[in-house]
1. Among 201, 129, what is the fewest-to-most ranking by other Cβ atoms within 10 Å?
2. Multiplying the sequence separation of residue 50 and residue 123 by 0.36 nm and subtracting their Cα-Cα distance, what value in nm do you get?
3. What FRET efficiency do you get for residue 281 and residue 240 if R0 is 22 Å and r is their Cβ-Cβ distance, rounded to the nearest 0.05?
4. Let me know the number of lysine pairs in the chain closer than 24 Å at the Cα, not counting same-chain pairs under 8 apart.
5. Antiparallel DSSP bridges in the chain: what percent, to the nearest 5?
6. Classify region 6-63: rounded, prolate or oblate, from the alpha-carbon gyration tensor (a ≥ b ≥ c, eigenvalue square roots; a/c under 1.5 rounded; otherwise prolate if a/b is larger than b/c)?
7. Just order 119-127, 206-214, 224-232 by mean Cβ neighbour count inside 10 Å, highest at the front, would you?
Amino acid sequence: MRSANPRMISLIRELRRMTQAELAEAAGIKQGYVSMIESGVRTVSEDTLTAIADAFDCPVDLLCQEAQIRGGEAQDLHFRRRKTLSITERRRVEGKLHLAYLTIRGMLQGIDYEPALTLPTLNLDDVESPVEAARIVRRLWRIPTGPIYSVTAYLEAAGVFLVPCNAPNKVDAVTRRCDEGWHVTAFNRGMPTDRERMTYSHELGHLVLHTGYSPDTEVEADQFAAEFLTPADEIRPSLVGLTTRDLGRLIDLRLVWKVSVPFLVRRAADLGAISERQQKSFYAMLNSRGLLYQTVDHRLPVEEPTQLRLIIDVHRTQHGYSLEDLANAALMTPPRFAKVFGVARSGGGPNLRLVGENQ
């Protein structure tokens with residue numbers, strides 16, 4: 001008989017936003033029994049485990065996973081957040097990331113996967129600064145001079161799986177460093193492209209610089225991201241002499257470098273191209289026009305992750321996987337897998353666009 005993991009049952013229940021009473025009703029058991037199951041006091045019969053899985057719309061195997069659920073202050077887990085998260089919000093984000101990890105681990109079974117690019121780990125005791133680390137990565141990856149065409153493509157080539165999820169607006173992304181040699185970043189869907197690129201570069205900074213947690217990690221990741229996206233010696237000449245009358249110029253630079261206007265203002269100040277007083281004037285002007293926290297009305301091309309859809313394609317075209325096979329590997333039910341990944345049960349080629357929330 002399969003053995004349920006009480007922590008997984010509790011995790012999935014919270015992600016499904018169900019109370020213990022609601023789970024008990026859906027599974028046809030008593031609430032007290034649910035409480036004892038989640039506390040590890042009572043074992044779960046096969047029939048009860050199946051009923052709970054049906055209530056969650058997940059396979060029984062998902063509830064039996066023993067993989068560790070990492071906490072937010074763990075050395076291999078990093079949040080990019082705008083505000084402090086409540087305990088409940090943090091648990092849900094950690095849970096989403098954990099399910100993304102389990103899905104990717106399952107999908108990689110039978111795949112000879114090796115990242116095309118090396119993801120270095122650089123100790124700040126050995127390199128001059130996060131800025132120097134970003135320069136090293138650009139050189140190592142042979143990134144051409146100028147704007148990076150697709151941050152997404154470089155991260156995926158370095159073994160970082162980018163998984164969309166519906167997280168609280170306070171969270172842009174959370175990244176898990178994995179023992180398998182690949183890594184997972186769950187990002188909040190709906191971000192404008194400029195913020196998404198900054199978020200990915202920030203998370204890359206964590207993976208390159210941080211194997212432990214310290215109060216300076218977020219600042220260091222931001223410094224890495226700024227240099228990775230906009231190398232100082234390349235961007236500074238375009239920022240010198242800016243005034244608040246140059247909004248059009250900033251918008252043009254935004255379209256070239258694919259970063260936000262507020263980012264460019266801060267970058268100009270950090271590089272000494274404008275004064276602190278000018279920076280404050282810029283922010284006041286952007287705020288008065290509603291541009292300080294929102295992207296300007298010029299859309300940038302979306303950078304779609306492709307790794308997972310390519311893996312699905314390999315399984316379907318080379319391994320002959322059915323929808324049920326794919327769902328089993330991903331620890332999902334077939335209907336949920338089809339909704340998340342947009343994979344049809346039959347017909348021509350698979351539609352591989354990521355269309356839903358992981359798990």
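1. Details: 201 25, 129 14.
The most exposed by this proxy come first: 129, 201.
2. On the way: separation 73, 0.36 × 73 = 26.28 nm, distance 4.74 nm.
Roughly 21.5 nm would be gained on extension.
3. Working: r = 16 Å, r/R0 = 0.74.
Using R0 = 22 Å, I get an efficiency of 0.85.
4. Working: 83/96; 83/170; 83/280; 96/170; 96/339; 170/258; 258/280.
Taking the chain as the scope, the lysine pair count is 7.
5. Numbers: 10 of 16 bridges.
If we restrict to bridges inside the chain, about 60 percent are antiparallel.
6. Details: a/c = 1.18, a/b = 1.07, b/c = 1.11.
Rounded.
7. Values: 119-127: 13.2, 206-214: 18.3, 224-232: 24.3.
With the highest mean Cβ count within 10 Å placed first, the list reads 224-232, 206-214, 119-127.
Throughout, read-outs are computed from the coordinates displayed, never taken from laboratory work. These numbers were taken from a predicted model, which means no experiment stands behind them. Neighbour counts are summed over all protein chains in view; Cβ atoms, including those assigned to glycine, are modelled from backbone coordinates with ideal geometry.
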